[in-house]
Amino acid sequence: MKPSNREVLISGASIAGPTLAWWLSRAGFTPTVVEQTPALRAGLGGHAVDLFGPAVDVAEQMGILPKVLAARTRTERVTLERPGRSPVEVDLGQLTAGISTRHVEIMRGELTSILYQATRDDVEYRFGDSIRTLDQDGDGVEVGFELGPPRRFSLVVGADGLHSGVRRLVFGEEARFRHYLGGYLGVFSLPNYLGLDGRMLAYSAPGKTAAMYPVRQTGQARALFLFRTAEELHYDHRDLDQQRRLLREAFAEQAWELPRLLSDLEHASDFYFDSISQIRMDSWSSGRATLVGDAGYCPGPAVGGGTALAVLGAYVLAGELRAAGGDPAKAFRRYETELAEVVGRFRTIGPTVMKTLIPATPLQVWLTTQVLRLVPRLPATLQRRLSSFQGRPARALQAITLRDYRPTA
Ligand SMILES: Cc1cc2nc3c(=O)[nH]c(=O)nc-3n(C[C@H](O)[C@H](O)[C@H](O)COP(=O)(O)OP(=O)(O)OC[C@H]3O[C@@H](n4cnc5c(N)ncnc54)[C@H](O)[C@@H]3O)c2cc1C
């Protein structure tokens, strides 16, 4: 049967997928979201992510901003420890003031949960399944699922993250599009054994940074590890023991809270390890299929502002589909044109942020801490100037103006 040109299959129910589903359902489309995890990764899951400037505006237009603000992490201060030196304490608001006047930090699982609540009455969600095959023809896409029966859709959107399955099925192997930025990250949950409240602890040494912050909704804490390696590491992506070993080797020194954190790593059930990489594609649409968020243009996990970009991408894609009456050729071309400059700007953030977030040399560690030391002592205007200088690429995000795609506009 020929699908109506309004039936859209979205793969991935994290940030980009549900945001796209929200806007599409209000524009008269019928979105279905398929998510591989058996249940929503609510509250507990993920890591702290950021919404900046225009992405906060989109959340406001969706009417979810009060919930987003209520669920924000409330991590207000960061204490940076250095080997053999006294710690430096900074107000995080002072650091982000120059990047954006509108900034919310929230756990990814909390944001996903808010987006799901806002869409579940209008959108069909299929958890615990994923797309196995995609066959496009003139008027639709025949989709084969791992578990459910095959079904035809008018359009298919991959919102399935950095390691997107839709991208692989439509464009080929990830290696063609993934660009390594020179480091790795590891993250996991652990008991908040230091009783942290509104405060992140961080440790920095040449080529590596570790941090621990509280998750007030669960009473637990998260540990985040970032380290540099010039060459990519070769490991089995399914072998978590091997990945734990790589992390332990990178942080082998007996310093700060590292030994305790790494002993908790042994018991963590949600350990995530990955390279810090970007997805760079000249075009991320083909026929009746396109990509949104990290799947199409990941700017680098933990360093690139990918959450804000996922929200903006979903907003633009839905707006262009509405404007083109569901015509993929027209809508996808305009979606890519409208977003190209924004994607380009986000791409510059990761490499710059990595310099401050994971200082490469003792001198860079020293410089970073000097800047952090200075921030609280300056008058507010100078604080903003200094932090905006530090966050120059991110500040450019504040200047992004997107078309107003609201149905009433
Ligand atoms: C450790 C870490 C720290 C980060 N810190 C920050 C930060 O501080 N600030 C920030 O802005 N961003 C941060 N990010 C990046 C941010 O999480 C992503 O940019 C953002 O979540 C992108 O949203 P997305 O919806 O495009 O993709 P994702 O959040 O990756 O979601 C993809 C979804 O698709 C699902 N999926 C995957 N494959 C399939 C399949 N085959 N079939 C069905 N479903 C599938 C996944 O289960 C997931 O639900 C961080 C990332 C990591 C890993």
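The values are calculated or read from the model by the stated rules, or taken from the named source; none is laboratory data. A quick note: this is a predicted structure, and the numbers were derived from the prediction, not measured. Positions of Cβ are backbone-derived with ideal geometry, glycine not excepted, and every protein chain shown enters the neighbour counts. Surface accessibility is based on the protein's heavy atoms, side chains included, excluding ligands, DNA and RNA. Shrake-Rupley method; radii C 1.70, N 1.55, O 1.52, S 1.80 Å.
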In Å², rounded to a whole number, the accessible area per residue of the chain with probe 1.4 Å is 43 Å²
Extend 7 Å from the Cα of ALA230 along its Cα-to-C-beta direction; within region 163-192, residues with backbone N under 19 Å of that point are 180-184
So the FRET efficiency between GLU173 and SER86, C-beta based with R0 = 41 Å and rounded to 0.05, is 0.25
In units of 2.2 N^0.38 Å, the Cα radius of gyration of region 276-344 is 1.06
Whole-Hz Karplus couplings 3J(HN,Hα) for region 234-244, θ = phi - 60° and coefficients 6.51, -1.76, 1.60, Gly and Pro as x, run 9, 8, 7, 5, 9, 9, 5, 4, 5, 5, 4
Candidates GLN117, GLN254, GLN243; GNM for the chain (alpha-carbon contacts under 10 Å) flags as most fluctuating GLN254
Those chymotrypsin sites (Phe, Trp or Tyr not before Pro) from region 158-231 that are DSSP loop and have at most 16 other Cβ neighbours within 10 Å turn out to be TYR193
Taking every DSSP bridge whose two residues both lie in the chain, the antiparallel percent to the nearest 5 is 70 percent
Note, GLY128: beta-carbon cut-off 10 Å, +1 each Lys/Arg, -1 each Asp/Glu, net -2
Distance in Å, no decimals, from the C-alpha centre of region 274-311 to the one of region 160-200 is 12 Å
Counting Lys and Arg as +1 and Asp and Glu as -1 over every other residue whose Cβ sits under 14 Å from the Cβ of ALA205, the net charge comes to +1
Computed over all unlike Cα pairs, the Kirkwood hydrodynamic radius of the chain in Å stands at 21.9 Å
Percent relative contact order for the chain, counting Cα pairs under 8 Å at least six residues apart, stands at 23 percent
In degrees rounded to 10, the 0-90 angle between helix 328-357 Cα long axis and the longest Cα principal axis of the chain is 10 degrees
Counting Lys and Arg as +1 and Asp and Glu as -1 over every other residue whose Cβ sits under 12 Å from the Cβ of ALA118, the net charge comes to +1
Percent relative contact order for region 95-248, counting Cα pairs under 8 Å at least six residues apart, stands at 13 percent
Per the helix-only model, the chain has a calculated mean residue ellipticity at 222 nm (DSSP H runs of ≥4, -39500 (n - 2.57) each, divided over all residues, rounded to the nearest 500) of -11000 deg cm²/dmol
Residue separation between TRP366 and SER286 times 0.36 nm, minus their alpha-carbon distance, gives in nm 24.0 nm
